[in-house]
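Computed from the coordinates by the stated procedures, all read-outs in this text should not be read as laboratory data. Nothing here was measured: the structure is a model prediction, and the numbers come from that model. Because the Cβ atoms are built from the backbone with ideal geometry, glycine has one as well, and the counts that use them run over all protein chains shown.
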Amino acid sequence: MTKKGLETKSKLLKAAETVFGKNGYYDASIVNITQEANVANGTYYNYFTTKKEIFEELIKEYSRDLRLSIKKAMEMANSHEDAQRKGFEAFFIWVKNRPDLYSIVQQAVVVDEELYRWYYGKLADGFYKSLTAGVNDGEFKDLHKETVAYSLMSVGQFLGMRWIYWEKEDVPEEVFEAAMTLIFDGLKK
């Protein structure tokens, strides 16, 4: 794909994010997306064949970008606990910069449950790997890692939803610290 082609595809994805976030998947149309992207309707079909295809690409882009942001933040950590904290912080920053994330990902449960499960499964895999490293290094208790992974995701998901998505503000420091205390008093050996 040419540089211009990549730019046009990126414009379409950004427009789809806005349209799906505002209208919802079922009320959004390809025409809405092309109008938001300021491209001709026919241009859309050079990149995507259906509305569902761009929705799926958007979820996969979210997953890839979010996981990369978290991974980069965690690489700066000096302990497994610090890595988890930095991962949560990176998640909250990422969500603040992509406010339609919650709306779009939650829509996936009814648009394409397999895609929804894939999205959360990829996040869970990252938690599973970092928890395993923490257990192997003796920093965390050896609890059922999949359960812990989904529990940690739910903490991040709902704190982000409560403050960033609903209130349009940062997660307060005292809330963040309360969640970290709850998590790490439960995980530490």
**Request:** Would you be so kind as to identify all helices of the chain, as entire DSSP H runs, whose Cα atoms reach 20 Å or more along the helix's own axis and whose mean Kyte-Doolittle hydropathy is at least 0.0?
**Result:** 145-159, 173-187
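Quick one: net charge of Ala37's neighbours, Cβ under 9 Å, K/R +1, D/E -1?
That works out to +1.
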**Request:** When a/c is below 1.5 the answer is rounded, else prolate if a/b is larger than b/c, else oblate, so apply that to region 10-78 with a ≥ b ≥ c taken from the square roots of the Cα gyration tensor eigenvalues.
**Result:** prolate
**Asked** Average projected area of the Cα convex hull of region 29-186, in nm²?
**Response** 10.4
**Asked** So what's the net charge close to Lys11: Lys and Arg +1, Asp and Glu -1, counting the other residues with Cβ under 12 Å from its Cβ?
**Response** 0
**Asked** So for region 1-121, Kirkwood radius off the Cα pairs, Stokes-Einstein at 25 °C and 0.890 mPa s: how many µm² s⁻¹?
**Response** 159
**Request:** Please work out the C-alpha center-to-center distance from region 39-73 to region 85-152 and express it in whole Å.
**Result:** 19
**Prompt:** In deg cm²/dmol and to the nearest 500, what is the mean residue ellipticity at 222 nm of the chain if only DSSP H runs of at least 4 residues count, each as -39500 (n - 2.57), divided by the residue total?
**Reply:** -24500 deg cm²/dmol
**Request:** Could you sort 35-43, 91-99 so that the peptide with the highest average Cβ count within 10 Å comes first and the rest follow in order?
**Result:** 91-99, 35-43
**Asked** All other residues with a Cβ under 14 Å from the Cβ of Arg162 taken together, and with Lys, Arg as +1 and Asp, Glu as -1, what is their net charge?
**Response** -2
**Request:** Rounding to the nearest 20 debye, state how big the charge dipole of region 67-189 is about its Cα centre with +1 on each Lys and Arg Cβ and -1 on each Asp and Glu Cβ.
**Result:** 280
**Asked** How would you classify region 108-189 from its alpha-carbon gyration tensor, with a ≥ b ≥ c the square roots of the eigenvalues: rounded for a/c under 1.5, else prolate if a/b is greater than b/c, otherwise oblate?
**Response** oblate
